[in-house]
1. What is the diffusion coefficient of the stretch 43-123 in µm²/s, taking the Kirkwood radius over Cα pairs and the Stokes-Einstein relation at 37 °C with a viscosity of 0.692 mPa s?
2. Using 7 Å Cα-to-Cβ label points, what is the GLU23/PHE55 separation (nm, one decimal)?
3. Could you give the size of the charge dipole of the chain about its Cα centre, using +1 on the Cβ of each K and R and -1 on the Cβ of each D and E, expressed in debye and rounded to the nearest 20?
4. How many angstrom separate the Cα center of the stretch 67-126 from the Cα center of the stretch 43-59?
5. Would you mind calculating the gained length between ASP110 and MET1 on full extension (0.36 nm times residue separation, minus the Cα-Cα distance), in nm to one decimal?
6. Could you tell me whether the stretch 5-66 comes out rounded, prolate or oblate from its Cα gyration tensor? Rule is a ≥ b ≥ c as square roots of the eigenvalues, rounded for a/c under 1.5, then prolate if a/b exceeds b/c, otherwise oblate.
7. Using a simple spin-label model with points 7 Å from Cα along the Cα→Cβ vector, what separation in nm is obtained for LYS43 and ALA99?
8. How charged is the neighbourhood of LEU33? Take every other residue with its Cβ under 9 Å from the Cβ of LEU33, and add Lys/Arg as +1 and Asp/Glu as -1.
Amino acid sequence: MLRCMLKAKIHRATVTDCNIDYEGSITVDSTLLEAAQIRPYEKVSIADINNGERFETYVLPGAPGSGMMCVNGAAARKVQVGDLIILFAYGYLREAEVADDFAPTVVLVDDANRIARHTAGRAEAA
């Protein structure tokens, strides 16, 4: 059996831009992606704290240290610049990999989308 587990999240990031004319995705400061161990083109879920919207898309890397959190394409209609969002990435693990101490990687950011706190997950195989 495989279990779909939260492997990483970027918590309370501020939307810096919306680009409805782009084909799709969310562009994220690559420093944040690296800290969260989220890869370019990886599928993510987004929750908007301000309005409750939830949607799925994929990630594109933005300039490192830019604080960029730009929602592109149709999903740009679901958020506004300045909204706080949570970006979730999931992974499928075998039952044996889901140990009692399993934990996702969590990156909490400040108002400028800089890392405020980072907790490395314990998601390695048991």
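Every number here is computed from the coordinates shown, using simple stated rules; none is lab data. Every value quoted in this text rests on a predicted model; they were computed, and no experiment measured them. Reconstructed Cβ throughout: ideal geometry from the backbone, glycine too, with neighbour counts over all protein chains shown.
1. On the way: Rh = 14.5 Å.
D = 227 µm²/s.
2. Spacing of the two 7 Å Cα→Cβ label points: 1.7 nm.
3. Numbers: 13 positive and 17 negative charges, 33 e Å.
In total the dipole reaches around 160 debye.
4. A separation of 11 Å, based on Cα centres.
5. Details: separation 109, 0.36 × 109 = 39.24 nm, distance 3.80 nm.
Answer, rounded to one decimal: 35.4 nm.
6. On the way: a/c = 1.34, a/b = 1.09, b/c = 1.23.
Taking the square roots of the gyration eigenvalues as a ≥ b ≥ c, the stretch 5-66 is rounded.
7. Output for this residue pair reads 2.7 nm.
8. Numbers: positive: ARG39; negative: ASP29, GLU34, GLU42.
Combined, the nearby Lys, Arg, Asp and Glu give -2.
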